[in-house]
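Enquirer: Sharing a structure below in structure tokens format, with a few things to ask.
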């Protein structure tokens with residue numbers, strides 16, 4: 001199905017615009033796709049597989065999933081070998097599964113888990129010679145991160161569509177940065193992708209979930225607020241900040 005699927009023109013333009021605005025891919029790039037199993041990363045894998053076929057430049061893709069092992073006490077159908085490998089294969093991508101590095105279960109926090117996963121992905125990219133890591137973060141994620149950092153960290157910042165690290169030898173890219181969550185879900189549905197349930201015991205009680213709920217209430221009252229907030233992230237008037 002992936003070979004015959006055509007992205008909706010409006011969404012295709014948004015993806016292409018984000019890639020162009022932030023110069024996400026270049027000739028010869030080796031791109032690692034970070035596949036968590038959620039709808040965002042699965043959709044990203046599908047989109048990049050489509051773009052790889054039509055892009056005027058050549059780049060390689062390698063999909064990787066870090067297995068936290070949460071499924072071991074659950075239904076075996078949630079084993080990434082069963083839940084994810086066939087879906088990635090249907091997108092024309094082999095999925096490489098690696099076990100999470102040791103982490104103290106009693107000390108596990110969202111921050112520690114994310115930092116550990118990020119560090120492991122950096123190590124994998126270096127070992128495989130990948131110069132880009134692609135994440136499935138979208139417009140809603142960027143806005144939520146802005147408010148998370150403002151409310152809980154005391155700084156004004158967010159995730160950026162492209163971030164160069166280690167002297168430019170590795171770049172983090174977010175091709176879905178201009179898409180909204182419902183648009184990501186639309187593409188996933190059209191591709192027949194089925195996200196894997198997040199089994200992390202902390203997944204339903206996080207600061208991000210609180211911010212997400214707050215923003216949903218705001219958008220219900222002010223429909224144009226999302227676009228305005230997103231635009232403000234690129235329109236910073238530093239002279240009016242402390």
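The values are calculated or read from the model by the stated rules, or taken from the named source; none is laboratory data. Since the model is a prediction, treat every value here as computed from it, not as a measurement. Please note: Cβ atoms are built from the backbone with ideal geometry, for glycine as well, and neighbour counts cover all protein chains shown.
Enquirer: Scan the stretch 123-159 for residues that are under 15 Å from the mean Cα position of the chain (by Cα) and closer than 20 Å to residue 37 by Cβ and report the count.
Expert: Going through the stretch 123-159 one residue at a time, the tally reaches 10.
Enquirer: While we're looking at this one, here's another question. Considering only the stretch 137-147, I want to know if a residue exists there that is modelled with pLDDT of 95 or more and not in a helix (DSSP H, G or I).
Expert: Yes.
Enquirer: Return the residues of the stretch 93-129 that are modelled with pLDDT of 95 or more, over 28 Å from residue 167 (Cα atoms) and assigned to a loop (DSSP other than H, G, I, E, B); say none if nothing qualifies.
Expert: Selection gives 93, 94.
Enquirer: A further question follows. Would you point out the residue of the stretch 55-79, among those that are at pLDDT 90 or above and over 17 Å from the mean Cα position of the chain (by Cα), that is farthest from residue 114 (Cα to Cα)?
Expert: My answer is 56.
Enquirer: Collect the residues in the stretch 161-206 that are more than 18 Å from residue 111 (Cα to Cα), part of a loop (DSSP other than H, G, I, E, B) and without any contact (Cβ under 8 Å) to a residue 60 or more places away in the chain, keeping them in residue-number order.
Expert: Within the stretch 161-206, 169, 180 meet the criteria.
Enquirer: Related question: Take the conditions free of Cβ contacts under 8 Å to residues at least 60 places away in the same chain, within 28 Å of residue 46 (Cβ to Cβ) and exposed (fewer than 15 other Cβ atoms within 10 Å of the Cβ) and apply them to residue 224. Does it pass?
Expert: For residue 224, the condition - free of Cβ contacts under 8 Å to residues at least 60 places away in the same chain, within 28 Å of residue 46 (Cβ to Cβ) and exposed (fewer than 15 other Cβ atoms within 10 Å of the Cβ) - is not met.
Enquirer: Which of the residues that make up the stretch 229-242 are loosely packed, with under 10 Cβ neighbours inside 10 Å and either without any contact (Cβ under 8 Å) to a residue 24 or more places away in the chain or within 20 Å of the chain's Cα centre (by Cα) (or both)?
Expert: Scanning the stretch 229-242 gives 231, 234, 235, 237, 238, 239, 240, 242.
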